[in-house]
Amino acid sequence: MCQLQDPDFTSNPSPVFSKVYEGLDIITNKVSAQEQRMCQHHMISFVDPLVTNYTVVDFRNKATALIEDIFARDKIPIVVGGTNYYIEALLWKVLVSTKPQEMDTEKVTDRKVELEKEDGHALHKRLSQVDPEMAAKLHPHDKRKVARSLQVFEETGISHSEFLHRQHSEEGGGPLGGPLKFPNLCILWLHADQTVLDERLDKRVDDMLAAGLLDELRDFHRRYNQKKVAENRQDYQHGIFQSIGFKEFHEYLVTEGKCTPETSNQLLKKGIESLKQVTKRYARKQNRWVKNRFLNRPGPSVPPVYGLEVSDVSKWEESVLEPALEIVQSFIQGHKPLAAPVKMPCNEMENKRSYHMCDLCDRIIIGDREWAAHIKSKSHLHQLKKRRRLDSDAVTAIENQSISPDCDKELKEKGSPEQNEKELKSSV
Ligand SMILES: [Zn+2]
């Protein structure tokens, strides 16, 4: 998920957190025992894989406490990885914690799940009564978010939008949902040429296979998943089971020994291929996240991103290690690093949550792009035509009215149009 380290740059290093679930070390690419000895790692393998309700809030609370402890020991925490949402929770005060004192995750989750079972429009209507501002930003079909906002109100008595306003009004509040949680943040973005990266990711999968990936998956499947599959209640959407790599081998694992070796082999190949595909897709998603979340929105509440080119590992020292150390040292000493942060040409940002009401179609459309698509859509154009027809009928009706005796009289009193024109010309 995400790792935290606190290396002390002067003496013994000690880092923070990551792959929180126990097991599946190979497929989740956990740091090796040797790497763990080089520098203290936190938050690795401490959650039971059968716990499926471990949330980002749990992660944030534990990680934040650790970060504060590392700072208190005069060391520097390093967060390594990982899942975007988890890192965002550490950078910004983005998450609304409804019950920070007694975080009963199970209950919190249950309430939202309960709400999500209700009709989307009914939920949206309720939200528009308690939090019209948030309701205006959410489509009734976006049940998950509507339920979440309702949950916030139910459990705190404060509307979700009010919550967010309070966060934004704190010093340094920015468009990303509040000020940065920690000052003096710095992001090192290791990026590589796409072709090189794709090759490297394919190779990583091959290396995992060579390191015993299949045995690990078989063992994990037998211990945690076999019974679930037999009862048809396997769940690849939550907890460690949603990790990249496990569900890709589902077919292979459940049929192994129950089908011909040829079929088994084919399913294995299919699993490997799809693992390579999802790995590459995930890497692209992470890069898009860096661009969208940081580079496209520079500002006081967005930490600078320093790019490190890792396409050619033979140049690791001069193109990665040395510049990285220089940047971090500069931050510690409080002066500007030699390297400049990555900048993107700032294009006009579209608003993904803007609210549009189409009076013609009587529909709510959320997002600029969706709105642009809507006004070009067949259904909308159809409504537009209908409206124009009605309008032109109305115009005809008004024109017909204007030849009524009363209007005639008015025209005569004011003078005919030709007369007016003559007077105008003579006065010029
Ligand atoms: Zn419309």
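The values are calculated or read from the model by the stated rules, or taken from the named source; none is laboratory data. Predicted model, so just to flag it, every value in this text is computed and none were measured. Positions of Cβ are backbone-derived with ideal geometry, glycine not excepted, and every protein chain shown enters the neighbour counts. Keep in mind that these areas ignore ligands, DNA and RNA; they rest on the heavy atoms of the full protein, side chains included. Shrake-Rupley method; radii C 1.70, N 1.55, O 1.52, S 1.80 Å.
The table for this structure:
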{"quantity": "Selection within the range 346-362 - open to solvent by 80 Å² or more (accessible area, probe 1.4 Å), more than 16 Å from the ligand (Cβ to nearest atom) and either modelled with pLDDT of 90 or more or of a type outside the set (A, V, I, L, M) (or both)", "calculated": "CYS346, ASN347, GLU348, LYS352, ARG353"}
{"quantity": "All positions within the range 318-336 that are among the hydroxyl-bearing types (Ser, Thr, Tyr) and open to solvent by 70 Å² or more (accessible area, probe 1.4 Å)", "calculated": "none"}
{"quantity": "Residue in the range 305-314 that is surrounded by the most Cβ atoms within 10 Å (Cβ to Cβ), counting only those that are hydroxyl-bearing (Ser, Thr, Tyr) and in contact (Cβ under 8 Å) with a residue 40 or more places away in the chain", "calculated": "TYR306"}
{"quantity": "Per-region count, the range 378-395, residues modelled with pLDDT under 85 and not hydrophobic (A, V, I, L, M, F, W, C)", "calculated": "3"}
{"quantity": "Any hit, the range 378-389, residues being near the ligand (Cβ under 10 Å from one of its atoms), over 25 Å from PRO132 (Cβ atoms), assigned to a loop (DSSP other than H, G, I, E, B) and small (Gly, Ala, Ser)", "calculated": "no"}
{"quantity": "Residues within the range 299-330 that are within 17 Å of LEU190 (Cβ to Cβ), assigned to a helix (DSSP H, G or I) and not small (Gly, Ala, Ser), tallied", "calculated": "13"}
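For (1) exposed (fewer than 15 other Cβ atoms within 10 Å of the Cβ); (2) away from the ligand (no atom under 16 Å from the Cβ); (3) touching a residue at least 40 places away in the same chain (Cβ under 8 Å); (4) over 20 Å from the mean Cα position of the chain (by Cα), each residue gets a yes or a no:
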residue: ARG297; (1), (2), (3), (4): no, yes, yes, no
residue: VAL302; (1), (2), (3), (4): no, yes, yes, no
residue: TRP316; (1), (2), (3), (4): yes, yes, no, yes
residue: MET344; (1), (2), (3), (4): yes, yes, yes, no
